[in-house]
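Visitor: This is the structure I want to talk about, given as structure tokens.
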Amino acid sequence: MEVNMSFSHDMDDEYEKFIRRMNPPRVVIDNEAYKNVTVIRVDSANEHGILLEVVQVLTDLNLIINKAYISSDGCWFMDVFNVTDQDGNKVTDEGVLDYIQKSLGPESCFISSMRSVGVMPSMDHTAIELTGSDRPGLLSEVSAVLTHLKCNVVSAEVWTHNTRAAAVMRVTDEETGMAISDPERLSGIKKLLCNVLKGSNKSRGAKTVVSHEATHTERRLHQMMFADRDYERSEDDPLEGKQRPNVCVVNWHDKDYSVVTIRCKDRPKLLFDTVCTLTDMQYVVFHANIDTEGPESYQEYYIRHVDGSPVKSDAERQRVIHCLEAAIERRVSEGLKLELCTTDRVGLLSDVTRIFRENSLTVTRAEVTTKGGKAMNTFYVSDSSGYPVDSKTIDSIRQVIGQTILKVKGNPEEQKSSPQESPTRFLFGGLFKSRSFVNFGLVRSYS
């Protein structure tokens, strides 16, 4: 049975390669049509997931998609995107334009359609995927355990949403600087991290996965939080009174489509987040219209499930709405943005997040990168008790870490003066200020 399934998959893959060779993708980049935007048009043979591939390439290049028109009825797929760089200018960098052509144009048709664009397998690091209950100090605890186990964090991305947390962390062995391959050691790392993630919350599970496989970090985070059901709402949901994205799903019976409309505040990577979620929920986008005017974004999708049917029930409709709301909210950056740039060293992330924890700050989102021996980290932090971050607290932290090393993006005084209730802010904010890892029975005291 397994042999037959493998043979069937290989045949499907070869057929898709054949279709791509007969109908190679075509990319046209036009910098003349409009004064302030670059127009990118992509035509290719249609297949499930192709829209996500295209959007992922543009998003990974940090391009801003202002407008888009998508049509993929039948066997052909056509996308038109109006994009700018992060400064709102046309895309003129030859390196960027060449990358788009190579990633989406004819040269890409000889790569398996199951590929993940922009992701390269690597044995230089070990990827650790974590999901569990969010709480103040969680990133500090995880980082400290990794440091104790002689693991160096070379990159990480952490999201929190609806009392849940997810992270993809890439680590190396402290001594060799390479991936960790010893099965017994990996098993020990998984066990200790899982204990940290569980904490005192026994009602929801925690999960730790160690892998050497290639993965697209942001797509994996969406998949992990979706699998963790972060879109489910409790009756006492603290966000119930908060402004949510306006998501509507109705059926167009004449055409057998379900029409999804989204109105919300615009932000970078918004299109990727919604297309990623629809794709992972096994919906096919046949037509779409994306329009951004000022601070607001409007998205309209005409979808069917991969089995060819529109949304069949009210329960399915509600699930689509809740999952899209969650996908949009996950990347919304609560709190104050802090940027850290300094020489990388083992234990740096553990030290920095410990200082945040000791000052009653909780990390709501984090991006950790290292390049050329430099650590470039971004943290979004909020006061654990729900109040705006005190500027004196930030000044104190910067004095400890270094005024030139840690910079503040935005002014703490500009935050709202009233406490903000959120699933990532907790009443007992100082609970972890003096808690030792000895209390968890995980590691010996190292401080």
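Visitor: Could you estimate the translational diffusion coefficient of the stretch 294-353 from the Stokes-Einstein equation, with Rh from the Kirkwood formula over C-alpha pairs, at 25 °C and 0.890 mPa s, in whole µm²/s? Spell out each step's value before the answer.
Guide: On the way: Rh = 16.3 Å.
Answer, rounded: 151 µm²/s.
Visitor: Turning to a different aspect of this structure: In sequence order, what are the phi-derived ³J(HN,Hα) couplings for the stretch 392-398 according to the Karplus relation 6.51 cos²θ - 1.76 cosθ + 1.60 with θ = phi - 60°, rounded to whole Hz, with x for glycine and proline?
Guide: Calculated HN-Hα couplings, in order: 5, 5, 5, 4, 5, 5, 5 Hz.
Visitor: Can you give me the Rg/Rh ratio for the stretch 238-394, using Cα atoms for both radii and the Kirkwood formula for Rh?
Guide: Ratio of gyration radius to Kirkwood radius for the stretch 238-394: 1.10.
Visitor: What's the extension gain from Glu184 to Asp314 if we count 0.36 nm per residue and subtract their Cα-Cα distance?
Guide: Details: separation 130, 0.36 × 130 = 46.80 nm, distance 4.77 nm.
Stretched fully, the Glu184-Asp314 segment lengthens by 42.0 nm.
Visitor: A further question follows. What residues of the stretch 139-157 lie in the reach of a label at Thr369, counting those whose backbone N is under 14 Å from a point 7 Å from the Cα along Cα→Cβ?
Guide: The answer is 154-157, whose backbone nitrogens lie closer than 14 Å to the label point.
Visitor: What number comes out for the charge environment of Tyr34, summing +1 per Lys or Arg and -1 per Asp or Glu over other residues with Cβ under 14 Å away?
Guide: Working: positive: Lys35, Arg41, Lys67, Lys90; negative: Asp30, Glu32.
Charge balance near Tyr34 sits at +2.
Visitor: Still on this structure, I have one more. Taking Rh as the Kirkwood radius, which is the inverse of the mean 1/r over Cα pairs, what is the Rg/Rh value for the stretch 150-215? Numbers along the way, then the final one.
Guide: Values: Rg = 13.1 Å, Rh = 13.3 Å.
That ratio equals 0.99.
Visitor: Could you check the spin-label model distance between His253 and Asp307? Points 7 Å from the Cα along Cα→Cβ, value in nm.
Guide: 2.1
Visitor: If I model a spin label as a point 7 Å beyond the Cα along the Cα-Cβ vector, how far apart are those points for Cys194 and Lys35 in nm?
Guide: Here the modelled spin labels are 6.1 nm apart.
Visitor: Moving to a separate point now. Any chance you could list the semi-axes, whole Å, largest first, of the equivalent ellipsoid that the Cα gyration tensor gives for the stretch 260-330, using √(5λ)? Walk me through the intermediate numbers first.
Guide: Working: eigenvalues 89, 33, 22 Å².
Result for the stretch 260-330: semi-axes of 21, 13, 11 Å.
Visitor: Going by average Cβ neighbours within 10 Å, how do the peptides 150-162, 259-271, 318-330, 77-89 rank, with the highest at the top? Walk me through the numbers on the way to the answer.
Guide: Details: 150-162: 22.3, 259-271: 18.2, 318-330: 20.8, 77-89: 16.0.
So the peptides 150-162, 259-271, 318-330, 77-89, ranked by packing, come out 150-162, 318-330, 259-271, 77-89.
Only the coordinates and a few stated rules stand behind these numbers; no lab work does. Source: prediction; values computed, not measured. Note: ideal-geometry Cβ built from the backbone for every residue, glycine included; neighbour counts use all protein chains shown.
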